[in-house]
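The block underneath contains the structure these notes are about, expressed in structure tokens.
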Amino acid sequence: MVEIEWAKVIVQIVQVLIWPVTVLIILLMFKRQISGRLANLTKAELPGGLKFELGELKDAVEKSPELAKRSISPSMLPPEKEFIRIDDPLLAVINVRLEIEREVVRLAQVSLGFNRAVKFDIPLLTSQLSEKQVLSKGTRDKLLEYTRITNKILHTSGISADDIVRSLSIGASLLSHLRYVRAVEQLLRDFDGSLQWQWREADRTNRKYHFWSAIADSLPEFDYSYEAFREAAVKFNTLKAGGKYGEVYIPSMQEFLKILEFRHGELERILQGKHWDVYEWEKLQKWQWPQEWGEISWNAPIVNSAAEAEVELLRTDRAIEQYSQYEYQNAG
């Protein structure tokens with residue numbers, strides 16, 4: 001009984017405090033310790049064939065070059081606004097499965113349109129996204145297999161701790177990949193339709209900095225992923241070569257770090273100012289573009305609240321840390 005309560009407390013605490021994907025990282029980092037505790041919850045394991053299929057899918061996901069390269073780092077993901085309290089480890093599987101389904105719908109809304117996204121079920125949406133080449137056939141197959149296996153897991157009377165961890169590991173990888181793909185698709189649509197990205201002839205002298213300003217503002221929308229932005233920009237520039245608004249400027253990694261550092265400074269300025277004062281807030285939340293950037297022809301609120309500024313400052317810090325390490329490793 002004590003062991004069961006210990007397991008519940010662990011899952012509840014991490015679930016309430018942080019985003020579900022981070023919970024998965026904790027589960028994976030401390031798999032041995034947690035497995036030892038959770039093993040007392042149930043003794044039954046998945047049926048032999050299904051257990052083997054779960055292991056095969058985990059291997060396929062872990063060895064997939066596409067998923068390894070095209071994924072949002074869990075450290076870049078935002079905290080959830082609402083949390084589900086979990087009193088049973090099996091509910092963690094349900095929670096991740098639901099989040100994957102939500103992400104498929106969000107991706108379909110961007111790539112297929114709202115009407116189709118809400119009209120069809122998840123397997124059909126996954127297949128349609130593959131037909132449109134938004135998702136690869138390999139990813140489609142992994143998602144469909146994951147859905148089939150988790151359906152079986154959720155209808156099995158007992159599941160071992162190791163099988164819980166395997167399922168969560170697979171779900172974390174697929175979810176990170178889906179978020180990456182959605183970031184790329186969203187950027188492609190925004191490049192073509194948002195005035196923020198469409199520089200004018202008057203901006204030609206500071207074209208680079210016009211794009212720097214747009215990137216600084218849009219970072220949360222593509223989860224601070226330089227890789228997702230670069231992929232979307234390369235694809236857009238190839239598809240729209242010679243188009244009305246010209247190419248999207250692609251910053252180097254060093255330039256991307258400068259943009260992150262600028263955003264960091266702006267968020268700190270907001271939090272250090274009188275953000276509780278209504279009149280001061282209106283001034284604080286607008287971008288203060290660096291003088292060396294020249295005249296930037298647009299402006300907008302950086303965040304909508306001080307609480308949001310705190311969250312985004314944390315995400316900006318994590319991005320700076322990640323890409324600074326990348327630069328250091330490559331320099332070495």
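The values are calculated or read from the model by the stated rules, or taken from the named source; none is laboratory data. None of the values given here were measured: they were computed from a predicted structure. Please note: Cβ atoms are built from the backbone with ideal geometry, for glycine as well, and neighbour counts cover all protein chains shown.
Things to note:
- Residues of segment 261-291 satisfying the condition of being of a type in the set (D, E, K, R) and within 25 Å of residue 321 (Cα to Cα): 261, 263, 266, 268, 269
- Index of the failed condition, residue 172 passing every other in (1) under 20 Å from the mean Cα position of the chain (by Cα); (2) surrounded by 19 or more Cβ atoms within 10 Å (Cβ to Cβ); (3) more than 20 Å from residue 61 (Cβ to Cβ): (3)
- Flag: residue 189 matches the condition of being charged (D, E, K, R) and under 30 Å from residue 263 (Cα atoms).
- Taking each residue of segment 58-71 that is not assigned by TED's automatic domain parsing to the domain that holds residue 166 and looking for partners that are aromatic (Phe, Trp, Tyr) with beta-carbon atoms closer than 6 Å, six or more apart or interchain, yields nothing.
- Test: residue 136 is buried (at least 22 other Cβ atoms within 10 Å of the Cβ), over 17 Å from the mean Cα position of the chain (by Cα) and polar (S, T, N, Q): no
- Residue within segment 192-209 that is in a helix (DSSP H, G or I), surrounded by 20 or more Cβ atoms within 10 Å (Cβ to Cβ) and at pLDDT below 90 present: yes
- Unmet criterion (only one of (1) loosely packed, with under 15 Cβ neighbours inside 10 Å; (2) free of Cβ contacts under 8 Å to residues at least 24 places away in the same chain) for residue 189: (2)
- Filtered residues of segment 206-257 (kept if of a type in the set (Gly, Ala, Ser) and within 27 Å of residue 312 (Cα to Cα)): 213, 214, 216, 218, 225, 228, 232, 233, 252
- Single condition residue 148 does not satisfy, out of (1) closer than 15 Å to residue 50 by Cα; (2) in contact (Cβ under 8 Å) with a residue 12 or more places away in the chain: (2)
- Of the set (1) touching a Ser or Thr at 6+ places or on another chain (Cβ under 8 Å); (2) at pLDDT 95 or above; (3) over 25 Å from residue 125 (Cβ atoms), all apply to residue 159 but (2).
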